[in-house]
Amino acid sequence: MTIRLYNTLTRKKEAIKPFLDDSVSMYVCGPTVYGHPHIGNARAAIVPDILYRLLMAKHDSVKYIRNITDVDDKIIDAAKKEGLSIDKITSKYTKIYRDNMDRLSNLRPTHEPKVTDTISKIISSIEKIIKNGNAYVKDSHVLFDTDSFKGYGELSGKKLEEMLDGVRIDNASYKKSFKDFILWKPSEDDTPGWESPWGKGRPGWHIECTSMIKDILGDDTTLDIHGGGNDLIFPHHENEIAQGSCISKEKYCNHWFHNGIVLVNKKKMSKSLGNVILLDDLFKDNSTSVIRLALLSAHYRQPLNWSDQTIIYARNLYKKLLSVISMVDAKARPLDDADSHTKEIQDILSDDLNTPEAINYLSRLSKTARNDFEARVKLIHSMKFIGLSPINEKTVKIFSDTEEIEQIEALVKKRNEYRIKKDFKNADVVRDKLLSMGIELEDSDGDTTWNYLQD
RNA sequence: GGCUAAGUGGCAGAGUGGUAAUGCAGCGGCCUGCAAAGCCGUCAACGCCGGUUCGAUUCCGACCUUAGCCUCCA
């Protein structure tokens, strides 16, 4: 089944048709590294990660680019606040970001460019735009001349002149039109800057993404897929199309996809509302598969309303999935023929990344899997396909600790001895003791199984 | 104010011109020393108003509501 994905540009689901024969390129707007990642950042990484896994299953070669923005005014502020140099701040939070994304089972992108490594390409891109007559220099700033680009507003559907009323816009003196945006701006001595034809300065927001794409793919290539949070549609992606189209003979990008934002109490997370949920905090109480499952529970284009329920549902569901997979199953089966076992889930996901339906599928599969080894193998591979661990993380961690296992099994045995003697009081004491050790028991068919408590 | 998206049972979400999948939760039962799990069964929904139609949740129009964007944002 071919992958069909909603295209923001055409407002339709469309098949992905790569510009090059069987090599697909995807660019996703990555983080600005100045603070701890929150669940919104996680969603913005997990959604393209699912797409990346699907693309890899269907195409010989996939270029997956996700940038690291390490030049930005917010970083400068954070550096001041934390009393660290800008380098320290960006390397610290880059590391944390990568670590957090790894923990959530996101595959690493094939390319992870930094803005600071792309400055010369940014400068040459800007020069090209100026040369083509689509940008102008004023007071040490370089500005994109939006009136010179006829397609402006196509992605977001905005006609800027018509939405002026009710909005106050400070038209900076160096702008010809309020719509124009900055490609390059001057830097003071104490802010990061690079020498350029327009003096010491740094790139404006927007140009870095375009430059990194062109740097990796080449100027006259069309990017196949570009993604990001839907709060980036305007102005960021709109501006990227404008400037990118002025650099190249080819269309800038064919397929745009945008994930919905995460809401907390039906409101967008924001520092001012104090409702930002950091991954670091979630990691304390939840396994990473549970967090991932929670973030995949709503369709990617819908807003995801985060509540206590969200994580509780995910936890219950994950527990149920794990309960039908024995450790032996999970360890025994190699991933060799994973593809044949994941056809169903791939087909489900191929329809615009329908992760809720994929999760339903796992849930249905777990029913038959209980008494069906093949279904269990399918379940394991399907879970792995969307990045869920088929083994309880704690179990994996302690699996090699035979001493602890012997101790647990001795207690289980002891409890069953009490049970045979109908001494349920003492049996319950032992069960409580195991519970306090984080062990959960289940009696079924005369057999007692134990498991580490999830989370 | 403008733009975009969306409104289906408690939640997540399919779907169709002839009254609506599935999963989770709930409820009832079986099982069980208890608990848990499992199994069986079950309740419950198409924002509002018009129009087209034999008939609309599905098509058209108005309205209402929600969220996002228009300022940094994933």
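Apply the Debye scattering formula to the stretch A:269-391, with a single equal point scatterer on each alpha-carbon and no solvent, then give log10 I(q)/I(0) at q = 0.11, 0.16, 0.22 Å⁻¹. Each listed q corresponds, in turn, to -0.40, -0.79, -1.31.
Could you pull out every one of the lysines with an alpha carbon less than 23 Å from that of residue A:121, ignoring same-chain neighbours closer than 8 positions? Straight-line reach from residue A:121, under 23 Å: A:63, A:74, A:131, A:138, A:185, A:200, A:214, A:249, A:251.
Put simply, the convex hull of the Cα atoms in the stretch A:168-299 casts, on average, a shadow of 12.5 nm². Each listed q (0.09, 0.11 Å⁻¹) maps to a log10 I(q)/I(0) for the stretch A:4-259, found by the Debye formula over equal Cα scatterers with no solvent: -0.40, -0.61. Sorted largest first by accessible area at a 1.4 angstrom probe radius, with every protein chain in place, the residues A:191, A:10, A:2 fall in the order A:2, A:10, A:191. For chain A, averaging the sequence separation of C-alpha pairs within contact (under 8 Å, six or more residues apart) and dividing by the residue count gives a relative contact order of 16 percent. The equivalent ellipsoid that matches the C-alpha gyration tensor of the stretch A:395-452 spans semi-axes of 21, 11, 10 angstrom, in descending order.
Accessible surface calculations at 1.4 Å, restricted to protein heavy atoms, place chain A at 48 Å² per residue.
What translational diffusion coefficient, in µm²/s and rounded to a whole number, does the Stokes-Einstein relation yield for chain A at 10 °C and a viscosity of 1.306 mPa s, taking the hydrodynamic radius as the Kirkwood radius over Cα pairs? Stokes-Einstein gives a translational diffusion coefficient of 64 µm²/s. The stretch between residue A:156 and residue A:74 holds 27.0 nm of extra length on full extension. This uses 0.36 nm per residue minus the Cα-Cα distance. Only protein atoms count toward the accessible area here, which uses a 1.4 Å probe; on chain A, the carbon and sulfur part of that area reaches 49 percent.
Helix hunt in chain A: which complete DSSP H runs extend at least 24 Å axially by C-alpha with mean Kyte-Doolittle at least -0.5? TM-like helix candidates: A:39-58.
The values are calculated or read from the model by the stated rules, or taken from the named source; none is laboratory data. What you see is a predicted model, and the numbers here were worked out from it, not measured in a lab. Please note that ligands, DNA and RNA were not included when accessible areas were found on the heavy atoms of the full protein model with its side chains. Shrake-Rupley method; radii C 1.70, N 1.55, O 1.52, S 1.80 Å.
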